[in-house]
Structure formats: structure tokens, C-alpha cells
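Inspection log for the structure reproduced underneath, given as C-alpha cells.
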């Protein structure tokens, strides 16, 4: 994975990964992910930014073989038996860290950490048994939306090196409002926020998204904490000059979890 390995530019993808039970759920989002890999150019490697890893210094998984982290509690045994066997790529980890350092962002390779469910949960559906190397990159603990836009911008050159930048979070993510009783339907405030996000992505308005806390309807309800929204900012940053994205999936799960997914080419 070198700076001279130029190829056709890869897209940037953002998915909402929803519940850890995604691999077993009979929902539209799972069916969408099962078919997504065939619609994308095959990457040489994948750099995944998940909502479930934050570090003051950005870290990249640097091992060849990585643990499958089951970072959740109280789910059926079958979920804990799932293993994500995609190889790692020390070369990609080193390259990503180098790009971040060149942009003035503190970063380092982490040879010990595995990949959490925000990474493996969707990717095992999208690229089953593909053998494509997958490196996970952390969010910036304490970093705001603008910092994550810059993080994505720094990573953008990887797209010309055959790397799929894959960002995994949630377009709307409020666990307190989950419809655990299966009443069905969606929630008005969640739909309103979801529509606002879609409009800003379609317009390529990265600054509006970076200031969503002040501009979007129901922002505090849609994201009581920011970690599931920040991967979307990384994706916008990585899209750079071609920042107008398109929604490639739309659905809700459990009432308050938007499963929206976006692509930038």
C-alpha cells in the first residue's frame, strides 16, 4: 500500500450498523448489506472507521491476524460465536498513520487491538469470506465534527490506492427510544433528523453536517452522544471535492435506529 500504487478511485461508504444482532435480523438493512459488495468495485483493502473505538491519539490496527471483539452484553450465544476472519494489513495501517501525521493529526499503529462489532458486523455481510484485508481506525476521543472532517480529508489519498474507506455508525442513534415491544413504525423526530441529514449529504454541505448540533432538527434526540454520527463526518471529509453523496439504503429498525447508508464516488 504505497503512495505510488495509483488506481481507479474507490468510493467512500457510510453505513448505519444498528443492533449487534444485525447478522441474524430479518430486516431490510441486512438484505441490503448482503447485496452491497457485488455493487462496489473490489477493493485491495478496506479501512474501517467505527463508532465503537475512540482514542486521544488516532490508532490503526496493525496486526496480520486480528481478534473479533464482541463488545456487547446480554445477547444470544450464537452472536458471541461469530468470528470475522478477514486478514489485517500492517502495510495499510502504516500508510494511514503516515497520512494522518503528515496532516498534523497524532496517530500510531496499534499492534494489539482487534476489530469491534461496528466493523465486523456489517462487513461480514457485505464481503463474506472475501479475503480482503481490513484495518480498523479509531475516532478521535474528544474530537469534534470539524476534527473528523479533517481526519477524512487526510485519508482521501487512499482512495486512489485501491482502498475502500468504510465508515460505520448510525444516521440516527438513540437507544433510549428503542421500540423493544415491536409496535412498528418510526418516530417523527427521528424521521425529521434523518431527512435533514439526507438533504445535506445530497447537497454536499459538509459544513452544515459539521454544525448539525446547532442546525439540525432534534439533534440532541437523534444523537445523545456523538460517536455514531462522527463516522459520517469522516466519510464526508474523505469524499473531498466530490462531497455530494447519494443514499443507497433507507430504513429504520426498532423505531429510533436509522439504518441509512450513503455512497460517494
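Read the figures in this text as sums done on the coordinates, not as results from a lab. All figures in this text were calculated on a predicted structure; none of them were measured in a lab. FYI the Cβ positions are ideal-geometry reconstructions off the backbone, even for glycines, and counts take in every protein chain you see.
Things worth noting here:
- Per residue, the chain reaches -9000 deg cm²/dmol at 222 nm when only DSSP H runs of four or more residues are counted, each adding -39500 (n - 2.57).
- Rounded FRET efficiency, nearest 0.05, which uses the C-beta distance separating residue 94 from residue 144 and R0 of 22 Å: 0.25
- The label-point distance for residue 7 and residue 25, in a model that sets each label 7 Å from Cα toward Cβ, rounds to 3.2 nm.
- Between segment 218-265 and segment 99-147, the Cα center-to-center distance that results, in Å: 17 Å
- Take the Cα of residue 111, step 7 Å toward its Cβ, do the same at residue 65, and the gap between the two points is 1.6 nm.
- Extension gain for residue 192-residue 246 works out to 17.7 nm (0.36 nm per residue, less the C-alpha to C-alpha distance).
- Distance between the pseudo-spin-label points of residue 103 and residue 73 (7 Å out from Cα toward the beta carbon): 3.5 nm.
- Coarse-grained scattering of the chain at q = 0.14, 0.16, 0.17 Å⁻¹, given as base-10 log I(q)/I(0) from a Debye sum over alpha-carbon atoms: -0.91, -1.22, -1.39
- Value of relative contact order over the chain, rounded to a whole percent, pairs C-alpha under 8 Å and six or more apart: 31 percent
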